[in-house]
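Q: This structure is in structure tokens; I'll ask about it shortly.
The values are calculated or read from the model by the stated rules, or taken from the named source; none is laboratory data. All values derive from a computational prediction rather than experimental measurement. Methodologically, a virtual Cβ is constructed for each residue, glycine included, from the backbone with ideal geometry; neighbour enumeration extends over all protein chains shown.
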Amino acid sequence: MSAPLSKHEMKLGTPIPDMGEGPISVEPYVSPEFFQQEKQKIFRNAWIEVCRDDMIPNPGDYQICPMEVWDSELIVVRGKDNQVRAFHNICPHRGMKVVRLDHDESSNFQCGHASVLICPFHGWGYNLDGSLRPVMGEEYFDKIDRDQVGLLPVTLDIWNGFVFVHYQKEPPQPLREFLGALADDMEEYPFDSFTHIARYSAQAKCNWKASMDAFHEAYHAATLHGGSIPEAARLPEGSVPTSARIYGPHHSLSMWASPDFRPSPAAVAAWKYGQSFSAGGEMKLPGANPGNDDNWWFDINVFFPNFFCDTGPGWYFTYNFRPISESETVWVMDIFQKKAETCSQRIAQEHTKVMLRDIVYEDLSTLEQTQTMLSSGLLKTLNISSSLEVAVRHLHATACEWVAEQEPA
Ligand code: FES
Ligand SMILES: [Fe+2]
């Protein structure tokens, strides 16, 4: 008789809808036609997270947010009235990007500050609310209708500091309704008491769903992360979430941390005065561990279609998966930790940064090799567990459902 895999049960915090049984189809991970449908029916019908509003804290601060899946790029800017707005980064004169920034390798952010936005081609200028300013040589133009000619606005709303945009002028659901009960469960998490400590990003030749799948199951942890995560969490038991919840198109999992956890000497040093990313933690925060699970480590919260917000005891991190094509995705990770007030807490932040870096390197290392082989046509289906990989099945089922049922926008 083989030993049982888990010393704990995976609880279900919500009813699990019917998502089919057995193997799942490979086609949604490799088909260009399926991806074209996803662009129209998923990414133009769902709210998409693009940044945090505290990354643009002052009037005139803006961030450039690539939105390849809309064939666009957005300017998210805080106006003089303190309101955050989004516009497509296109000049209505002749189509140039109004804001062009060189990629900043050091920070990996595309941020800036301006009191007006000036197109670099012929100098048309825009106020921070998108309205057109006086145009040089305007007398040489036929009448420019200022009600019609300005930056193209994008529907935007904010939840708990997270800026979401929607392709449609009048979205089918308001943001908060779309985020639903997952946002209810996370509502009280003190996001605004955290500070951004690191960003990592990568562009991988891998489908966006296959990329996400590498990050919302723990089954791989004992094998793939054999060398990087805390010893206790990489026991086979660590492959079993303590609980799982499905909320419409969204889902969340809670990760298990062994009570026998013995941190490394570096983790002990980092832990002494500050929380770092290690198994387990004393800090209890509202809006996390919704199942009140024993030996809770952190929650993996996934807002459909492509945004993760993983909340832990004293740190959280986000992933955005930006689809480029059926076989290419940009992955961006932002890490946040409680603001450091002492040198020791600063060291804890550094520990979190490097520990997560090493772990995500391992996750990322699987993406392109998986996609290459999925694209070979050798497999028509994948053999997944309905419990350990419930999030994989749910994302697959939800994408298929939206492609089948949503209207293209
Ligand atoms: S394209 Fe922007 S001013 Fe001409
Ligand atoms: Fe992982």
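Q: Scan the stretch 309-319 and give yes if some residue there is over 24 Å from residue 159 (Cβ atoms), charged (D, E, K, R) and under 18 Å from the mean Cα position of the chain (by Cα), otherwise no.
A: no
Q: Right, next: Considering only residues of the stretch 62-118 that are among the hydroxyl-bearing types (Ser, Thr, Tyr) and under 19 Å from residue 200 (Cα atoms), which is modelled with the lowest pLDDT?
A: 106
Q: Inside the stretch 138-228, counting only helices (runs of 4 or more DSSP H) that do not spill past its ends, which hold 1 or more residues that are modelled with pLDDT of 95 or more?
A: 175-186, 208-213
Q: Looking at (1) more than 16 Å from ligand 1 (Cβ to nearest atom); (2) crowded, with 18+ Cβ neighbours inside 10 Å, can you tell me which one residue 75 breaks?
A: Condition (1) is where residue 75 drops out.
Q: Determine, yes or no, whether residue 408 is part of a loop (DSSP other than H, G, I, E, B) and either at pLDDT below 95 or crowded, with 19+ Cβ neighbours inside 10 Å (or both).
A: yes
Q: Got a sec? Which of 299, 310 is crowded, with 22+ Cβ neighbours inside 10 Å, over 21 Å from residue 37 (Cβ atoms) and touching a Pro at 6+ places or on another chain (Cβ under 8 Å)?
A: 299
Q: Now a separate question. Checking the conditions here, which among 134, 57 is under 24 Å from the mean Cα position of the chain (by Cα) and not small (Gly, Ala, Ser)?
A: Result of the check over 134, 57: 57.
Q: Please find, within the stretch 332-354, the residue that is surrounded by the most Cβ atoms within 10 Å (Cβ to Cβ) out of those that are of a type in the set (Val, Ile, Thr) and within 19 Å of residue 310 (Cβ to Cβ).
A: Result: 352.
Q: Among (1) at positive phi; (2) touching a Ser or Thr at 6+ places or on another chain (Cβ under 7 Å), which single condition is residue 95 missing?
A: Tallying (1) at positive phi; (2) touching a Ser or Thr at 6+ places or on another chain (Cβ under 7 Å), residue 95 fails exactly one: (2).
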